[in-house]
1. Give just the number: which of (1) hydrophobic (A, V, I, L, M, F, W, C); (2) outside any helix (DSSP H, G or I); (3) modelled with pLDDT of 95 or more does residue 511 not satisfy?
2. Name every residue in the stretch 465-475 that is over 20 Å from residue 310 (Cα atoms), among the hydrophobic types (A, V, I, L, M, F, W, C) and open to solvent by less than 10 Å² (accessible area, probe 1.4 Å), in order of residue number.
3. Taking only the stretch 79-99 into account, find how many residues are open to solvent by less than 30 Å² (accessible area, probe 1.4 Å), over 13 Å from residue 120 (Cα atoms) and either among the basic types (Lys, Arg) or touching a Leu at 6+ places or on another chain (Cβ under 6 Å) (or both).
4. Please go through the stretch 475-534 and give me each residue that is under 23 Å from residue 397 (Cβ atoms) and charged (D, E, K, R), ordered by number.
5. For the stretch 444-464, check the following and say yes or no: at least one residue is open to solvent by less than 10 Å² (accessible area, probe 1.4 Å), outside any loop (DSSP other than H, G, I, E, B), among the polar types (S, T, N, Q) and within 20 Å of residue 415 (Cα to Cα).
6. Check off (1) more than 30 Å from residue 9 (Cα to Cα); (2) out of contact with any Gly (no Cβ under 9 Å at 6 or more places or on another chain); (3) hydrophobic (A, V, I, L, M, F, W, C); (4) modelled with pLDDT under 85 for residue 137 and give me the number that stays unchecked.
7. Among the candidates 266, 253, 245, single out the residue that is at pLDDT 70 or above, under 32 Å from the mean Cα position of the chain (by Cα) and open to solvent by 80 Å² or more (accessible area, probe 1.4 Å).
8. In the stretch 58-78, which residues are among the β-branched types (Val, Ile, Thr), in a helix (DSSP H, G or I), surrounded by 22 or more Cβ atoms within 10 Å (Cβ to Cβ) and touching a Leu at 6+ places or on another chain (Cβ under 7 Å)?
Amino acid sequence: MMTKRLIQLFFKENFSFRRFLGFDYKKEKGKTILITAAILYAMVAFIGSFGYMFFDLGKILNEINQTQIILSFITVYAIGMAMMFVLFRADGMIFHAKDYEILAPLPIPSKSILFAKLSVLYVMTTTFSVIISLPMAFGYFYWQGISLLGLLFYIIGLLFIPLIPMVLMSFISLLVANISKRFRASKIVSIILLFAFFIGIFAMSFSINDVEQNPLTGQIDFLSGLSKYYLPIKWYMNAVHHHQILDFLYLMISHLVIFVLYFLLIGPLVHKTNQNQSQMRAYKQRKVIRYDSNSIYQTLINKEFKKFFGITLYAVNSGLGPVILIVLSIASLFYQDKISVTLTEVVGIGLEREVMLLLVMGFCIAMTYTPAISLSLEGKNFWIVKSLPIKAKTLMMSKVLFNLLLIVPIVIISLLTLGFVLNIDAITITLMLLLLIGFACLMSFLDAIFNLYVPKFNFKNEVEVIKQSASAMLGVFGGFALIAMNGGLYYLLQKTFELNIILIILSLINVILAFMSYLWMLKISTPLITKMQA
């Protein structure tokens, strides 16, 4: 009974629509409708474009009677989504839980608390895995045909597939936390370790993908080989496609047994780790006290940098774009021939290499969305910021400037490096820089506006703001929408103008929109921040 109540409580905390939006949706119905519509539109657009690629892939595979390969995509993508989700959530939810000091003294069995937390983590993970699989499943069942048993195995199988990644990534999350805490700059070490993990994934993805009409076809051989070593992929394919009940039982029983053993054995480790989390490692150092006088903007921007590197999840999510650009720039110096060949193939299918570079860099800029969440991350300390003799527009402008300092210098260096490697002429590079800087300014101002309209100060864990808040989703999907807008304009203009003229036109459009967003941000900053309460 107690376990059931805990599960209900944790679900209410994590899946509340009010907590997601950050305000009372019953009192602000107009804002709720607009934000919900924007998020739904972005999700439908994303799933639709993703689904089209798998629909096209399904058509190709159906012609050679190999549609079951899509099921391997479903399995691997579900596993990947589970791994990324659990990597960020497991440590803060299970091993270093912020509510441990509240729950531990209560007369509740520790296993009940652990089971309730794992249940919430499991539902979150499975939900995202199912959502990411829907476009792929449509492509498979459309070309293969729908059978009741195959559909049943598809749904039930997806409920078990995330279990082993949950077990694996929870231990990796704990390992990263334990390694990093041994160092004085533990947050920086955590950030480096997590970025190393993601860079490894990107490197592997780059090595297995070929640039063809459908980029998914480059992954088929890799997935085929992976299924030989990771049997659950093969079991899932046989169960859904060939209706093999024995393979389905293998899949279900193996995952269930491993997860049950994990639950039974991890209890003492969770208890010990949470008990030790309050212990601080002391360092003795002599430091000369200095008193510096800085401008308001410099002080506020320095504060943003400290917060950025002080919250591991914040740095990893919002800093992923700059890191990708740095890695890409360095790689271009050593793999010049491979990058040139890749971009030549892109040109062969109708995309100029300059446009391809703009798409990649636009994606990285869109993923650097600190203004969409930095105001919310003030949390319960927002009243302190609000009470300072600082104008609201100054506060918001500092958050925008921090985001621009984070991404724009790296964009400039990366584009100059790649332009030199790929022999792009100086005039085109200059125009591309103008477009990217205008796009970065536009995105930064829009992200700040999103956070002003839908702040979320009432959170128990920073992940609620960074990955699950309405303003974060609007920032990321809004960036993708703006990339699509620029892409659509390029498609229309390329029939009439040459590339440099198109770059000038797109730069002007982005700069004008950025200036309008800047004026709007200044207009709404004071009245909205005045009404806000942490």
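1. All conditions pass for residue 511, except number (2).
2. The first filter runs over the stretch 465-475 and keeps only residues over 20 Å from residue 310 (Cα atoms), leaving 470-471, 473-475.
Subsequent filtering for residues that are among the hydrophobic types (A, V, I, L, M, F, W, C) retains 470, 473-474.
Answer for the stretch 465-475, where residues must be over 20 Å from residue 310 (Cα atoms), among the hydrophobic types (A, V, I, L, M, F, W, C) and open to solvent by less than 10 Å² (accessible area, probe 1.4 Å): just 470.
3. Residues that pass the stated criteria total 1.
4. Answer for the stretch 475-534, where residues must be under 23 Å from residue 397 (Cβ atoms) and charged (D, E, K, R): 523, 531.
5. Checked against the condition, which is being open to solvent by less than 10 Å² (accessible area, probe 1.4 Å), outside any loop (DSSP other than H, G, I, E, B), among the polar types (S, T, N, Q) and within 20 Å of residue 415 (Cα to Cα), the stretch 444-464 yields at least one hit.
6. (4)
7. Just a single option satisfies the conditions, and that option is 253.
8. 69, 70
The values are calculated or read from the model by the stated rules, or taken from the named source; none is laboratory data. Just so we're clear, the structure is a prediction, and the values are computed from it rather than from any experiment. Glycine gets a Cβ as well: all are built from the backbone with ideal geometry, and neighbour counts include every protein chain shown. Quick note on the areas: whole protein, heavy atoms, side chains included, nothing else; ligands and nucleic acids left out. Shrake-Rupley method; radii C 1.70, N 1.55, O 1.52, S 1.80 Å.
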